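Input: a single structure, listed below in structure tokens.
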Amino acid sequence: MGAMREEAQTTVSLTVNTYKVILGQAQVVKSVTTSDALNKDGRKIRSTEHGYNHSVTTVRYQFNAKGQLTGATGRTVGTSTAMVKTYKGVVDAAGNAVMEQVDVDGNGSVGSEDSIEGCERRR
């Protein structure tokens with residue numbers, strides 16, 4: 001049975017609310033939340049890196065003439081990147097799947113920087 005090392009991934013979010021005074025009270029009419037995945041050093045993961053995750057959620061609120069909430073609409077737009085290893089379907093004498101190495105970082109060679117540590121697969 002194969003094993004994979006798990007690591008927690010931290011996400012940082014920022015929410016910006018837009019308010020409007022309706023019948024003397026401040027009401028949120030728009031809310032935008034941006035979320036980004038962080039690496040273990042606390043830096044935002046770039047879109048070219050494994051584990052990248054970025055999303056923007058926007059919600060707009062509607063009120064009637066009495067200041068009552070009558071509806072809300074929203075959407076989330078997000079992108080993520082996951083680097084994967086592929087298997088050729090070749091099995092060695094011990095029954096282990098033989099992994100095809102891929103130049104993940106695009107530097108022209110396959111090395112330790114292209115590995116996803118701790119992943120194994122057995123047949």
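Looking only at region 37-49, which residues are surrounded by fewer than 16 Cβ atoms within 10 Å (Cβ to Cβ) and not polar (S, T, N, Q)? If the condition is that a residue be surrounded by fewer than 16 Cβ atoms within 10 Å (Cβ to Cβ) and not polar (S, T, N, Q), then L38, K40, D41, G42, R43, K44, R46, E49 are the ones that fit. Restricting K30, K20 to those that are surrounded by 14 or more Cβ atoms within 10 Å (Cβ to Cβ), part of a strand (DSSP E or B) and among the charged types (D, E, K, R) reduces the list to K30. Look at region 7-20: where a residue is in the same structural domain as S35 (by TED's automatic domain parsing) and a partner is surrounded by 12 or more Cβ atoms within 10 Å (Cβ to Cβ) and basic (K, R), sitting 6+ places away or on another chain with Cβ atoms under 8 Å, you get V12/K44; N17/K30; T18/K30.
Quick grid of which residues meet (1) polar (S, T, N, Q); (2) in contact with a Gly (Cβ under 8 Å, 6 or more places away or on another chain):
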{"position": "T33", "(1), (2)": "yes, no"}
{"position": "R43", "(1), (2)": "no, no"}
{"position": "S47", "(1), (2)": "yes, no"}
{"position": "S55", "(1), (2)": "yes, yes"}
{"position": "V59", "(1), (2)": "no, yes"}
{"position": "G67", "(1), (2)": "no, no"}
{"position": "V77", "(1), (2)": "no, no"}
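Of the strands (runs of 3 or more DSSP E) contained entirely in region 48-123, those carrying at least 2 residues that are under 20 Å from the mean Cα position of the chain (by Cα) and at pLDDT 65 or above fall at 53-63, 69-80.
The values are calculated or read from the model by the stated rules, or taken from the named source; none is laboratory data. On a predicted model such as this, the values are computed, not experimentally measured, just so you know. In this analysis, Cβ positions are derived from the backbone assuming ideal geometry, glycine residues included, and neighbour counts consider all displayed protein chains.
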